[in-house]
Amino acid sequence: MSNFTSILKILEFLKLLIFFFFENLILLIFPPCKKKSFAGEIVQIALKFAPLGAALVLWDIDGEGNKETSTLAQKNGATQVFVYQCDCSNREEVYEQADKVRKEVGDVTILINNAGILLGEKFCDVSDADFEKTLRVNFFSQVWTCKAFLPAMMTCNHGHLVSTASAAGLLEITDYYSASKYAVIGMMEAIDSELYHAGRHGVKTTVICLYFINTKLAKGFQTENPLILPVYDAEYAASKIMDAIQKEKFYLIMPLTSYFFAIKTLIPRKIVLLFESCFKIPSSMDKAFGWKKKD
């Protein structure tokens, strides 16, 4: 009897697998026209939300830079902008500022995590302190902010977590930077699973996995193959991210070649390494950060 039940479960799984596959394929070819509204939402970070009727909560370790962002947001149409100076890699500071936001603004309903650093050193050259700093800024900052704001979203069954990971979480760019982005992707997949099985389907998650964007973080980076692995203009990348949030996509992976690495566990390791060599991914990093081969 138990074997028969197991067979039925497998058949049910295969039926749903085929259904979701074709559903995803149809949505890819014919994307939905309806997009979610942000009016009345409280958004933690994100300049693109300025003209959409959302209240913006801006966090930055750079107080002066944050004020400039606030001014720019108001010029772009934001009517409610709240500025807080916060080091997101500091757990106590995150929780303290989160309490202030709840008291002064309300519960954040859209959380956009985009803190990040890229120091550009090879694994054996990076100091322990810099390795830890990278993990604190790139990964643990997202742990603390999600823990600070997710419970209220779950209580209301309404909200959206948006995490800026990277294509580096799918392919090897620099050891410790890639490690921090792998961690973000894994955490967001686990949170999404937890929300789904808890019946909190009103709380959405989006994971951003883009190749390099033309910002201060990637200053000096030049791709060896702009057609295959382009460096994106910041404005273009922001518009694609906004589109993904509005359409409630779970993954935003760009460029399309990055999908190759998303299934790399099914591909022989030598083929993955061949791909990296053919498109000169390691040498792009060498040029950006002046890495030299050591004898």
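Below are the figures for this structure:
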{"quantity": "Other-chain or far-sequence residues with amide H under 5 Å of Phe82's (modelled H)", "calculated": "Leu56, Val57, Leu58"}
{"quantity": "Of Lys48/Lys133; Lys75/Lys249; Lys67/Lys122; Lys122/Lys204; Lys247/Lys270; Lys75/Lys240, pairs whose Cα-Cα distance is over 25 Å", "calculated": "Lys48/Lys133; Lys75/Lys249; Lys67/Lys122; Lys122/Lys204; Lys247/Lys270"}
{"quantity": "Table column - 3J(HN,Hα) (Hz), segment 130-138, Karplus curve with 6.51, -1.76, 1.60, x for Gly and Pro", "calculated": "5, 4, 5, 4, 4, 5, 5, 6, 7"}
{"quantity": "Cβ-derived FRET efficiency at R0 22 Å, Ala262 paired with Asp233, nearest 0.05", "calculated": "0.40"}
{"quantity": "Estimated FRET transfer efficiency (Val143, Val105; beta-carbon r; R0 25 Å; 0.05)", "calculated": "0.70"}
{"quantity": "Backbone HN-Hα couplings from phi across segment 71-80 [Karplus 6.51/-1.76/1.60, Hz, Gly and Pro as x]", "calculated": "4, 5, 4, 5, 5, 8, x, 6, 9, 10"}
{"quantity": "Amide H contacts of Asp107 (H built 1.01 Å from N, under 5 Å, at least 5 apart or other chain)", "calculated": "none"}
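Values in this text are rule-based calculations from the coordinates and carry no lab data. Everything numeric here is computed off the predicted structure, so don't read it as measured data. Quick reminder, even Gly has a Cβ in these numbers, built from the backbone with ideal geometry, and neighbours come from all protein chains shown.
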